[in-house]
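Working notes, structure below.
The values are calculated or read from the model by the stated rules, or taken from the named source; none is laboratory data. Here the structure is a predicted model, which is why all the values come from computation and not from measurement. Using ideal geometry, Cβ is built from the backbone for each residue, glycine included, and neighbour counts are taken over all protein chains shown. Keep in mind that these areas ignore ligands, DNA and RNA; they rest on the heavy atoms of the full protein, side chains included. Shrake-Rupley method; radii C 1.70, N 1.55, O 1.52, S 1.80 Å.
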Amino acid sequence: MSYPQTKVAIQHWHEMLNTQDMSILNELLVEDVVFRSPVAFKPYIGKQVVFFILTNVIQVFEDFTYHREFYTEDQQSVVLEFSANIGEKQLKGIDMIRFNEQGKIVEFEVMIRSLSGLQALGEQMGERMAAFM
């Protein structure tokens with residue numbers, strides 16, 4: 001099976017980041033989307049919490065840049081390599097995103113290095129998540 005809608009969805013993802021139009025994110029997420037954070041043991045499940053996490057992470061990251069993208073053979077999944085800063089801390093990471101046949105995000109996992117950059121992200125997002133919960 002092939003997932004041609006994935007490339008269209010990724011174009012919308014980049015458009016959202018360029019324009020800061022977060023309504024695009026709302027259209028991209030399925031209701032029971034699963035988000036795996038680099039700082040949380042259990043995944044977050046559901047459109048509302050994942051929308052909150054992704055819209056806040058975009059605000060926390062400074063100088064956020066994507067460098068490369070890799071697609072699985074069936075194009076159901078894509079890996080986006082990025083870099084960003086949080087204050088003086090630099091980090092590098094990947095977004096691993098899986099889509100359904102309609103081009104909607106069903107699973108989103110983030111991996112980040114270095115530890116100091118991850119810790120800075122965890123502190124910033126921890127404060128925001130506490131206010132959300």
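Looking only at region 42-62, decide whether some residue is part of a strand (DSSP E or B), modelled with pLDDT under 95, of a type in the set (D, E, K, R) and surrounded by fewer than 17 Cβ atoms within 10 Å (Cβ to Cβ).
Scanning region 42-62, I find at least one residue that is part of a strand (DSSP E or B), modelled with pLDDT under 95, of a type in the set (D, E, K, R) and surrounded by fewer than 17 Cβ atoms within 10 Å (Cβ to Cβ), so the answer is yes.
Just a yes or no: is a residue in region 33-42 in contact with a Lys or Arg (Cβ under 7 Å, 6 or more places away or on another chain) and of a type outside the set (A, V, I, L, M, F, W, C)?
No - not one qualifying residue is present in region 33-42.
Can you tell which of LEU121, LEU91 is in contact with a strand residue (DSSP E or B) (Cβ under 9 Å, 6 or more places away or on another chain), in a helix (DSSP H, G or I) and either surrounded by 17 or more Cβ atoms within 10 Å (Cβ to Cβ) or at negative phi (or both)?
Of the residues listed, the single one that is in contact with a strand residue (DSSP E or B) (Cβ under 9 Å, 6 or more places away or on another chain), in a helix (DSSP H, G or I) and either surrounded by 17 or more Cβ atoms within 10 Å (Cβ to Cβ) or at negative phi (or both) is LEU121.
Output the number of residues of region 94-103 satisfying the condition of being in contact with an Asp or Glu (Cβ under 8 Å, 6 or more places away or on another chain), closer than 20 Å to ASN26 by Cβ and open to solvent by 50 Å² or more (accessible area, probe 1.4 Å). So that I can check it myself, show each step before the final result.
Narrowing region 94-103 to residues in contact with an Asp or Glu (Cβ under 8 Å, 6 or more places away or on another chain): 94-98.
Keeping just the survivors that are closer than 20 Å to ASN26 by Cβ gives 95, 97-98.
The next check asks that each one be open to solvent by 50 Å² or more (accessible area, probe 1.4 Å); those that pass are 98.
The total comes to 1.
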